[in-house]
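Engineer: Here it is, the structure, as structure tokens.
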Amino acid sequence: MRGFVYLIVFFSFFDLFSQLPVMSPFALSLGATPFIVGLAVGIYSFSNTIGNIISGFMTDRKGPFIILLIGLFAAALSLFLYTLISGPLSLLAVRFVHGFMEGLIVPAAFTFLANRAEESKRGKSVAISGAFVGLAAIVGPAYGGIVAAKTSTPFIMAVNGAIMLVLAISAFFVLRSFTHVRKHTTEQVKHFKVRYLFRHPGMVRAFAGAFFLMFSQGALALVLPLKVEALGFDTKTSGLLLSTFGVVAILIFLLPINRVFDRLRPMVTLAFGISLMGIAMLFLSQVEQLNYLYIAMAIYGTGFAFLFPSINSLLIDSSSAEFRGKAYGYFYAFFSIGVVAGSSVIGYLDLTYKGGFLLTGIVLLIVALYTLIGMRKNAAIDKR
């Protein structure tokens, strides 16, 4: 049952990553202006954020099973809509619907996994789910780029839609034995306020970790291809560099080293992971030889592999089953916002690739330092 939910997580992110190399060219082929092209890419993240939050609330009320079913069926239908697109405006409408429907899936899937994970193995569990996300990040863009070159973007979306439809039908039979247990109507649950999520230290750290993780991803996606091109390499090299960090992250997620996520406190692995990512960004700002670029991306992948399970473990430890859906809804909303913020801030400041990597690296190291200071304060309080 858990394996099937991992499969849902993989294809949900596979759908997202397979769009990356094809959506901008597709919008241009429809006669879209540069502004509309950017809007077509960004509107997906915007509506996805809304879908994440609504999914969180509905998951707590109805349980993850029914929300997963609705999300999978709705996402499948929205993907088939790409075959009906006739111009830029219809593209924007379909992108909004697609992003929203896709946003329903991930919080429900991760809530399902979190609620069924043994407390002593929750770090290993989220590491495995992270491996499926990393695998989708490697396979998705390659699939999208290769298939689009031989067919079309609507065809790719239709194939993705067919996969989602098969998953939805399969989920009805595979996951229906998982019943949503009604929560006791205690005063705390009955009068639960969303602001509690933003007052809990562990939850705030999980949200901040998600935001800065994807902030760095947004900056990397924008700046790395520019640096690679400036050094005289082709776009294939950019893809290989990005794949390097994904492969390293997957190896750490799946090899026995993943036990470290259950043995060390999440705050320790969070600080270590985000520090490595910051160092990798500073390294990327300085090096120009290709072999050093690969080393930098391997360091970044190691940091990513430590950070992702840490923030998930923090969220699980800081939430109870009664409101974990809401927690995951906002958690993945911060993922979406972080990607947009990373690319937007670097683009708005009009920095060189060196300046973009430097700024991102400094921001990540400041966050790591803040995390370490917080750990010391907590340790001092515990000694009293």
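Engineer: Quick one: what Rg and Dmax do you get for the chain from the alpha carbons, in Å?
Structural biologist: Every Cα atom of the chain included, Rg and Dmax give 20.4, 67 Å.
Engineer: Please state the relative contact order of the stretch 1-129 as a whole percent: Cα pairs under 8 Å, 6+ residues apart?
Structural biologist: It rounds to 35 percent for the stretch 1-129.
Engineer: At 0.36 nm per residue, minus the direct Cα-Cα distance, what do Leu89 and Ser170 gain on full extension? Give it in nm, one decimal, please.
Structural biologist: Working it through step by step, the gained length comes to 25.8 nm.
Engineer: Rounded to the nearest 20 debye, what is the charge dipole size of the chain about its Cα centre when +1 sits on each Lys and Arg Cβ and -1 on each Asp and Glu Cβ?
Structural biologist: Its charge dipole is roughly 1280 debye.
Engineer: What accessible area per residue, rounded to a whole number of Å², is obtained for the chain using a probe radius of 1.4 Å?
Structural biologist: Result: 45 Å² per residue.
Engineer: Say R0 is 30 Å: what FRET efficiency, to the nearest 0.05, do Ile295 and Arg2 get from their beta-carbon distance?
Structural biologist: Once the sixth-power term is evaluated, E becomes 0.30.
Engineer: Tally up the carbon and sulfur contribution to the accessible surface of the stretch 198-244 as a whole percent, 1.4 Å probe, everything protein left in place.
Structural biologist: 65
Engineer: Okay, next question. If I stretch the segment between Glu322 and Ser344 completely, what's the gain in nm (0.36 nm per residue apart, minus their alpha carbon distance), one decimal?
Structural biologist: 4.4 nm
Engineer: For the stretch 197-253, evaluate the Debye formula with one uniform point scatterer on each Cα (no solvent term) and list log10 I(q)/I(0) at q = 0.24, 0.30 Å⁻¹, rounded to two decimals.
Structural biologist: So the normalised log intensities are -0.95, -1.10.
Engineer: Now for a different question. Toward the positive end of the charge dipole of the stretch 236-328, about the Cα centre and with charges on Cβ (Lys, Arg +1; Asp, Glu -1), which of Leu270, Ser319, Thr237 goes farthest?
Structural biologist: The residue sitting farthest along the positive end of the dipole is Ser319.
Engineer: How many Lys pairs in the chain lie less than 23 angstrom apart by Cα atoms, where the lysines are 8 or more positions apart or on different chains?
Structural biologist: 14
The values are calculated or read from the model by the stated rules, or taken from the named source; none is laboratory data. The structure presented is a predicted model; accordingly, all values stated were derived computationally and were not measured. Don't worry about glycine lacking a Cβ; one is built from the backbone with ideal geometry, like all the others, and counts go over all protein chains shown. When the accessible area is computed, the model is the full protein with side chains, heavy atoms only, and any ligands, DNA or RNA have been set aside. Shrake-Rupley method; radii C 1.70, N 1.55, O 1.52, S 1.80 Å.
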